[in-house]
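*Asks:* Okay, handing you the structure first.
The values are calculated or read from the model by the stated rules, or taken from the named source; none is laboratory data. Predicted model, so just to flag it, every value in this text is computed and none were measured. Cβ placement follows ideal geometry from the backbone for every residue including glycine, while neighbour counts extend to all protein chains displayed.
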Amino acid sequence: MAEASPTRSEVLKDFRTAAILDAARRVIGELGWTDASMERIAQEAGVAKGTLYLYFESKEDLLQRAIDHGLDQLLDATRQAVEAAGDPLERIAAAVHTGVAHARDNRALFQALVDSGARRRRADGGMSPYTSLLAELLAEGRREGTLRAVDPERSARILAHGLAGLVAESLLHGLPFPDDGDVDEMLDVFFHGLARRGDRP
């Protein structure tokens, strides 16, 4: 049975919600989380302040939705990068590089996530959708024989936590954001380990 097409009011609501979320991300990027008032976000979005509360319960709800909206954009960009890559290792590397690039381009939003204590969205099994995508890629690599028979979900969490650590270190301590060299080094350790091949137990 075909799904019903969205109504005009639903389309307009989705469009307005996306416009407000984009405005919120711009204001957070300009002013930071603490100074990004609902009034300023409404001004940026071109709506009345009261209109925001028709779509969002609070400033915290708006931030959570902005984070989720950014995560959806990350997943779309990651899938495109993965599809353009070659073998399983290249696909995983593309996913990780895209994740770092997204965090770099949305640094203010990730800083707001740290400052506000908001929670990232979780998919089934307690993993974020991005981590779940990494697990899918690792499982593909295992099936194709490129990767050893490791637990893809556990390995995905390890990789995602390493990536999050790189990003969080720069946000918490004001350090330079991870560059491609940092990501390549992390991936090399993840793929090949630290021990020389002949010295591995």
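*Asks:* Which residue is farthest from Leu147 (Cα to Cα), if the candidates are limited to region 166-190 and must be part of a loop (DSSP other than H, G, I, E, B) and not acidic (Asp, Glu)?
*Replies:* Gly174
*Asks:* Given the conditions (1) touching a Ser or Thr at 6+ places or on another chain (Cβ under 7 Å); (2) assigned to a helix (DSSP H, G or I), and given that Trp33 satisfies all but one, which numbered condition is not satisfied?
*Replies:* (2)
*Asks:* Does Ala160 satisfy being buried (at least 19 other Cβ atoms within 10 Å of the Cβ), within 20 Å of Gln111 (Cα to Cα) and modelled with pLDDT of 90 or more?
*Replies:* yes
*Asks:* Please pick out the residue among Arg40, Arg16, Arg91, Arg26 that is in a helix (DSSP H, G or I), in contact with an Asp or Glu (Cβ under 9 Å, 6 or more places away or on another chain) and modelled with pLDDT under 90.
*Replies:* Going through Arg40, Arg16, Arg91, Arg26 in turn, just one is in a helix (DSSP H, G or I), in contact with an Asp or Glu (Cβ under 9 Å, 6 or more places away or on another chain) and modelled with pLDDT under 90: Arg26.
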